[in-house]
Structure formats: C-alpha cells, structure tokens
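The values are calculated or read from the model by the stated rules, or taken from the named source; none is laboratory data. All of these numbers come straight from a predicted model, not from anything done at the bench. Cβ placement follows ideal geometry from the backbone for every residue including glycine, while neighbour counts extend to all protein chains displayed. Protein only, heavy atoms only, side chains kept; ligands, DNA and RNA dropped before computing areas. Shrake-Rupley method; radii C 1.70, N 1.55, O 1.52, S 1.80 Å.
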2 protein chains.
Amino acid sequence: MEFKKKKLANGLVIIGEVNKSAKSAAVGFFVKTGSRDESKQINGVSHFLEHMLFKGTERLSAFEVSAAFDRTGAQFNASTSEENTVFYAGVLPEYLAEVTGLWIELMRPALRDADFNIEKDVIKEEIAMYKDLPSFDVMEKCRSLHFDGHPCGNSVLGSEESIDSLTAEQMRDYFRGRYAPNNMVFACAGNFDWEQICSIAAECCSKWQEQAAARKLEHCRGSKKRQRVEKTNLAREHICLMSPGVSAQDARRFAASLLGVIIGDDVGSRFFWELVDKALAEVATMQFEAMDGTGAFYSYIRCSAENVTKVLDTVSGIFQSLSKDGITEDELRKAKNKVLSALVIKNELPMGRLIDLGFNWTYLEQYRTVEDDIGAIKAVTVNDVNELTEQFNPGDFTQLSIGPAQE
Amino acid sequence: MEFKKKKLANGLVIIGEVNKSAKSAAVGFFVKTGSRDESKQINGVSHFLEHMLFKGTERLSAFEVSAAFDRTGAQFNASTSEENTVFYAGVLPEYLAEVTGLWIELMRPALRDADFNIEKDVIKEEIAMYKDLPSFDVMEKCRSLHFDGHPCGNSVLGSEESIDSLTAEQMRDYFRGRYAPNNMVFACAGNFDWEQICSIAAECCSKWQEQAAARKLEHCRGSKKRQRVEKTNLAREHICLMSPGVSAQDARRFAASLLGVIIGDDVGSRFFWELVDKALAEVATMQFEAMDGTGAFYSYIRCSAENVTKVLDTVSGIFQSLSKDGITEDELRKAKNKVLSALVIKNELPMGRLIDLGFNWTYLEQYRTVEDDIGAIKAVTVNDVNELTEQFNPGDFTQLSIGPAQE
C-alpha cells in the first residue's frame, strides 16, 4: 500500500493509493458541491448537473459516452448529496487509463440546451417518484425542519417548481463556479500505475481554470420543532427524529458513529430490542451523519397508527436512560466489532477504498490508512461516548411525522 | 491462494481457499435444497425453514442467536432459491472461529412449534408483499408457466394456502432429509487458518447423520405458452419471456452468459438500444440462469400499455436478426469486458469469493480459481455464441404479461 499525491497549479489534487495485490482498480472525481451550495432559486441544480454530465461533451454525444463506458466493461456510478457530487468506476487494470480519460472528459460537459430540456422531465419524474416513498419523504421534510434555514436543509432533488424555473444558463454558471479544479479531488485506488494515471490527469486537467469556490460553514443546533403531516393514502406512521452532532472534521466523529450503532443499528441495538423485537415498530434505526462543519443524528421509525404513542414513549425512555446511565462496556465492544468489520470489508475492495480515500481528502485534506481508522475506533472509550451524549443530548430532537389522517 | 478440502465420513465436504493478503474472512453453508425439491403440499418449506434456523437451537433462544452474531460484528445473511439455501457471513479474522461455531450450531435448529406458528405470519406477510411487486409477480408466474409441471417452476415463497396448511412436523421431516451432511458444503474464503476452521467443522459436524438426499434432474425445454393476466391497479405492462438454456454443469454456460449480456444488459445491449434508448420500454433486460441439469434465459420488460405491440415486434426483430446474422466480434468483446470486470470485482472480496467457491462445489464438485473462469470467458468465440443461439433459439419463448385491463 503506497500513497501518492500531486497538486496541480490550478489547485486540482490528484491522490492515489496503490495496492499491487488488488485485482481491480477504481477511479473517481469528488466534487465538493451539493444542495447546500445552492440558492433557493436554483435548488436541485447539483443533482440535475450530475445527470447532465452523462449527456456528452463537445466531442462526444450521449450515445458515445454510453458506448465508451460499455467498451471498458466498467462498473460506474455517480451520486449527489447535500455536500458532494461523486463520479466513480471500478474496472480491470487494463482499462483504467481509458476510463480515467473518459471521466476527465466528462468533467467538462457540453450542457446543451436541448439535452437540458429533455433531462428536466427525467428529473421531475424522479422527484415525483421519491415523493411517493414515505420513508424518503419524511427524511427530507425532517431535514428541512431541523436545519430550518441552514443550507444543509436544502433538498438534493429540488422541487418541481425550482426545477421548472431553472435555466440552462443558470446551470452553466453554477457549473463554472463549482466544478473548478480547486474544488475537486481526483482519486485512484487498487492495482494501477501511479505515474501513468497521474500524468494523464495532470496533462488533461491542467487547462481547467481555478475559481473562487467557497462554502459557508456554520454549525447548526437544529430547530427542535415538532410537526406532523397527514397523507390520506398511507397505512403507516413514518417518524423521523434529528438532533445535532459533531462535524466530519471532529475527532469525536468515531464516538458519534458508535453511539448511533448502539442506539439504532438494524439488529441488536436499543431501538431493536425495545421497539422492533417487541413488535411496536416495524423499522427503528438511528445513524450518525458527519457533515462539513456540522453533523446530525437521525432516526427513522415506522409503525402502525395505534402504536405511535407507545413508540414515542419508548424512544423517550431509551434516551432518558442513555442520559442517566450512559452506555455499557459490552454495548461499546459489540458496536466496535460491527463498525470495524463493515469498515474493513468495505475498504477491501478498490471501489470501497476509493470512497474513503476521496472523502478523507475532501473533508480533512488528509491521507488516512484503514489502520488509522481502525485505531481511532478501537481507542473510543465508554466515557467518550457518554460525554458526547451529555454535550449533544440526542433525546432533544426535531421531530417530523407523516401518517394517515387521525380520527 | 491455496485450496484445501476435507470430506467427512458422513459426506460433508469442507472446502477453503486461503488468501493471506485478505483483511477479512467469509464462511458459509451451502445446502443443496430449494423449492424444486418440494412437493406441492409443502411448497415454500425451504424458504420458511431458512427463517426458522435463526429462531434458535436446543441451547440457544432466538434472542441469544441474535446476540451471538451481534458480538462478532459479522455481516451475515441467508437466501433461498429454487435450488439452494445459503447461509454466510463476512467477519474480521479474529471472530471467524466464533461465527463458524455459531453457523454450525444453527444448522441443527430446534424447530419449536411455538416459533413455527409465529413465523408463519411473517412468511405470509412476505408472500403478500411480493404479490404487490409486479416485477416479481410476473417472473414467478412466467417461471411456473414455462416449467409447466417441472419442479423448477415451483414458487420459492410458496402460496398462502401451502404455508397455511404446512405443519411443523412436515418441516422437521423435510429438514432431516435435506439438511443432511452429504447434501451440504461448508466453505471458507479469505484470511483464515485452515487447520483451525477445518478441525472445528470436522469435530462439530461429524455427528450429523448421512441421509438419502437425491434430486431428480431433468432438462426442461419449456412450455412456450403465452398468457396475459389483468390487474386493475396497474399502470404499466410487465412482460416476462423465458426460453431454455444450458445447465450449470455445461461448459457452454459461459457463452450463454455472454449472450444474455449482449441481448439484455442494463446498458449498451440490443434491448437497451432498441427498446430503452428509444423510449419504447422503461426497463428491458435479459439474463441467463444456469441451473442443476437445466437452464433458462429470462427477459423482463416494462412499458406503457400503448407500446406493448411495438415492444413485442421489436423484440421479435431483435431475436430474428440474432438468428439470421448472429452476434458481432465487437459485441462479444464488450460483453466479455463487462462479465470479466464483474467477476473479478466480486471475487476480490472474501464474501463474494465464498459464493463462487461454494456454488462451484455444489454444482460441479470442482475447485475453480478465478483465473479458470477468466480463461473460460476469454476463450468464448463468436461461433460458440451463434451455435448456442441456433440450438436453443431464444426467440422461441414462453411469455407471461401482467397489465391493466384492456379496453
């Protein structure tokens, strides 16, 4: 395992972790932009733009982009969140240079008016589809209520209205500002030749123009508001709870992840034993999400209408006992084992390793080995988790529910 | 990479592929039993039994099983198909012995009446849930129509009626016959100590009783029937096509997989360019499935009611031109790249490697390295694929559609 790094004059960072015993390689661009970098008027542009990158460049049509990926057999994907837009592919080593060249080319898309207008309908269909998924809808609505004006509450997809009124010119402006080389990381992991890939990236990307691409960072303590939305077609109550947490830059993020697992892992957590195993709720999970300059714990619970009161009382009881008595050594040990095995298994594959490599640079400008993260997780103590509980009090939350009309 | 094998006196095969450079290990049981081994009366028992294995043993309650997995941090899962029931886990090497011991213990479940009766409702909910998914429902109905009495057409979940009338005693009988050591493979992959794991398995499993556990193998050419089912609540037409193919034991299975990719991969296939890219269908895929002694190609297409005729005409055209002109060198090259990168990436992770290791033994009683499979895929010629097309004529299919009422 060997870490390599080069920074171009225009600010683009090229990083790689070479693992000669890997059988495949993975490559990707991490663009530090997402819905939190959007104004209300252009909300949804980051995600829409991610789609547009596959519509072609001055040289390539959408058909040719698709055919080019096809030729390499790459497993490729892209995703947009509140803070990042990521493009990545896993591929056999012999096709890595070709896929690298393709991604680099796609990072300078044509953004043609005709493609923009056609893709608008695809985006609006996607918005409509997700609106029909209560588990997604409740999270998005709760996020907006919790962040209450803070840009981390912006919807990733945008609304039908914001997408309708978005123009191709607004998208091109946003693109120029945010897909600047100094706001991107190019990363590579697995079995590859650093000199070759680095020189392709350096040669092709060095003509990209540096731009001012800042992001306003502000911690958010959350609104702690409570709201319920009725939807006549629902059979179940969907509940989302959110409370503040530490940021992606904070060393306590490992303790926060472990707390999330102890309270709300799919199986074996306090939520599991008190809510799911007792058949009060069908789903009850809690997770910690570290973000840029801020962070949050969020829980999702699904139950029948008649169980809502009992479920919320049980949740209160779980958080009260957490505050009063803290966690146990046994709970922490189990949570560490889960987090450690998920970490190791994910990072064993070049495609998984790439994601951690890219995000560690995006958030920390730091190379961290898997062993660094293993060490940090192992070092967390019961006291660390209990102090975090005390400081952030996850029992004091924003709450949003979606459910059927009440009699 | 080192392959190890031991066969116990009772017929249990223990295999392992040691990879000292892996960071995790995976372990699992491959039980050669599924819905095709069921009679009509007990249809669904294999899948129900898979659930029951987590309900505990004479020594462990369901709570203790869950807590035991939890302690190790293992990522574990189980699945049931027409031919196999598989239990597996990925874990850090230091917990492998513990997880191995746990799986071995679970393979001799208590099958308590009380647990059986509670779990029955869970199974019935699962059946109801899948009935609501037209993409699943259409495949299951088409499979039954295509196999037309051949046991490979049996539903994995069973019906509400078959599950309702199933007794715990019938399940215990089925268990005794099918979970016999001579009908199971124990496999391990990744970073582990063969001597240690093999001796745990040998010691604990050697008391299991050998049984007569045969399976009737018969190739099936398919009914080629055509049927349409109306469902008033649907907005879309769901179409499934099935045609016969080679078996898991047939060397031509690699050519058959490549043919599936050429005709029906998600992107870049003939279905993709003719149906999806032209916006005639929203989804159009074809896959090859190799089974024990038989095999099938199956396609799934989703489109609007008004496009059905055009879609089916286009499908006919695709198969006609395939029969007439065969595939091209370029199509085969692209398909190989896709299949090879998916194979290599999957097998890079011990959990993925375990699956191929276990199934190769289950179907072939053969150890195949990843390189063996790579070589077999690379060796397929245009002529191999065209001969397969000629012999099996995928354009001559069984067809089942589910869609809205026609005016």
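Sorted shortest first, the separations between the B:ASN233 label point and its copies elsewhere in the assembly read 1.1 nm; each point sits 7 Å from Cα along the Cα-to-Cβ line.
Within the range B:313-407, report the chymotrypsin sites (Phe, Trp or Tyr not before Pro) that DSSP leaves as loop and that have at most 15 other Cβ atoms within 10 Å.
On the way: sites: B:PHE319, B:PHE359, B:TRP361, B:TYR363, B:TYR367, B:PHE392, B:PHE397; in loops: B:TYR367, B:PHE397.
Sparse-neighbourhood loop chymotrypsin sites (Phe, Trp or Tyr not before Pro): B:TYR367.
Within chain A, the whole DSSP H helices whose Cα atoms reach 18 Å or more along their own axis and whose mean Kyte-Doolittle score is at least 0.0 are A:308-325, A:350-364.
For peptide B:60-73, the mean count of partner chain Cβ atoms within 10 Å of a residue's Cβ comes to 4. Shielding by partners for peptide A:330-338, expressed as the average number of C-beta atoms from other protein chains within 10 Å of each residue's C-beta, is 3. Contact residues in the range A:232-268 (at least 10 Å² less accessible area with all protein chains than alone, 1.4 Å probe): A:VAL267, A:GLY268.
Taken across both chains, chains A and B shield about 3000 Å² of accessible surface from a 1.4 Å probe.
Between rounded, prolate and oblate, where does the range B:139-190 land on the alpha carbon gyration tensor, with a ≥ b ≥ c its root eigenvalues, rounded for a/c under 1.5, else prolate if a/b exceeds b/c?
On the way: a/c = 2.40, a/b = 1.32, b/c = 1.82.
Because a/c hits 1.5 or more and a/b fails to exceed b/c, the range B:139-190 counts as oblate.
Would you mind estimating how fast the protein assembly as shown diffuses translationally, via Stokes-Einstein at 4 °C and 1.567 mPa s with the Kirkwood radius over Cα pairs, in µm²/s? For the chosen part, D equals 45 µm²/s.
Using a Gaussian network model of chain B in which every pair of alpha carbons under 10 angstrom is joined by a spring, one finds that among B:ARG108, B:ARG59, B:ARG143 the greatest mean-square fluctuation is at B:ARG59.
For chain A, give me the percentage of DSSP beta bridges that are antiparallel, rounded to the nearest 5 percent.
Details: 48 of 59 bridges.
Beta bridges within chain A, antiparallel portion: roughly 80 percent.
Ranking B:GLY295, B:THR309, B:SER321 by how far each Cα lies toward the positive end of the dipole of the range B:283-325 (charges on Cβ) leaves B:THR309 at the top.
Counting only DSSP H runs of at least 4 residues, each contributing -39500 (n - 2.57), and dividing by the residue count of chain A, the helix-based mean residue ellipticity at 222 nm comes to -13500 deg cm²/dmol.
Evaluated at q = 0.21 Å⁻¹, the base-10 log of the normalised Debye intensity for the range B:154-284, with identical point scatterers placed on the Cα atoms, takes the values -1.27. Net charge dipole, the range B:286-373: roughly 260 debye, given to the nearest 20, about the Cα centre with Cβ charges of +1 for Lys and Arg and -1 for Asp and Glu. Three principal axis extents of the range A:256-407 based on alpha-carbon atoms, in descending order, are 56, 33, 28 Å.
Partner chain Cβ atoms within 10 Å, averaged over the residues of A:347-360 - can you pull that number for me? Provide the component values of the computation, followed by the final result.
On the way: counts 2, 11, 6, 2, 3, 1, 0, 0, 0, 0, 0, 0, 0, 0.
Mean partner-chain Cβ count within 10 Å for A:347-360: 2.
From the Cα trace of the range B:207-254, what convex hull volume per residue do you get, rounded to a whole Å³? Before the final figure, lay out the partial values.
Numbers: hull volume 11.5 nm³, N = 48.
Value for the range B:207-254: 240 Å³ per residue.
Using only the Cα atoms, what convex hull volume per residue in Å³ does the range B:238-307 have? All intermediate terms of the calculation are to be shown ahead of the outcome.
Values: hull volume 4.6 nm³, N = 70.
Expressed per residue, the convex hull around the Cα atoms of the range B:238-307 is 66 Å³.
Within the range A:214-308, list the trypsin sites (Lys or Arg not before Pro) lying in a DSSP loop whose Cβ has at most 10 other Cβ atoms in a 10 Å radius. Walk me through the numbers on the way to the answer.
Working: sites: A:ARG215, A:LYS216, A:ARG221, A:LYS224, A:LYS225, A:ARG226, A:ARG228, A:LYS231, A:ARG236, A:ARG252, A:ARG253, A:ARG270, A:LYS278, A:ARG302; in loops: A:ARG215, A:LYS216, A:ARG221, A:LYS224, A:LYS225, A:LYS231, A:ARG236, A:ARG252, A:LYS278.
The qualifying sites are A:LYS216.
The residues of the range B:13-67 present an accessible area of 33 Å² per residue when probed at 1.4 Å with all protein chains retained.
Using a 7 Å projection from Cα along Cα-to-Cβ, the label point at A:GLU210 is separated from the same position in the remaining copies by 7.6 nm, smallest value first. A 1.4 Å probe run over the range B:139-260, with the rest of the protein chains in place, finds 44 Å² accessible per residue. Working from label points 7 Å from Cα in the Cα-to-Cβ sense, the B:MET1 to B:GLU371 distance is 0.7 nm.
Evaluate Rg over Rh across the range A:1-53, taking Cα atoms for both radii and Kirkwood's formula for Rh. Could the numbers behind the result be given before it?
Values: Rg = 16.1 Å, Rh = 14.2 Å.
Computed over Cα atoms, the ratio is 1.14.
Dividing the Cα radius of gyration of the range B:110-154 by 2.2 N^0.38 Å, with N the residue count, gives 1.51.
When a 1.4 Å probe is rolled over the protein heavy atoms, the share of accessible surface on the protein assembly as shown that falls to carbon and sulfur comes to 49 percent.
Average projected area of the Cα convex hull of chain A, in nm²?
Details: hull surface 80.1 nm².
Answer in nm², one decimal: 20.0.
When the other protein chains are added to the chain by itself, burial of at least 10 square angstrom of heavy-atom accessible area (probe 1.4 Å, ligands and nucleic acids ignored) affects these residues of the range A:10-37: A:SER21, A:LYS23, A:SER24. Two numbers describe the Cα atoms of the range A:1-131: Rg and Dmax, which are 16.2, 49 Å.
Note down the magnitude of the dipole of the range A:1-146 about its Cα centre, charges +1 on Lys and Arg C-beta and -1 on Asp and Glu C-beta and zero elsewhere, to the nearest 20 debye. Numbers along the way, then the final one.
Values: 19 positive and 22 negative charges, 121 e Å.
Charge dipole of the range A:1-146: 580 debye, to the nearest 20.
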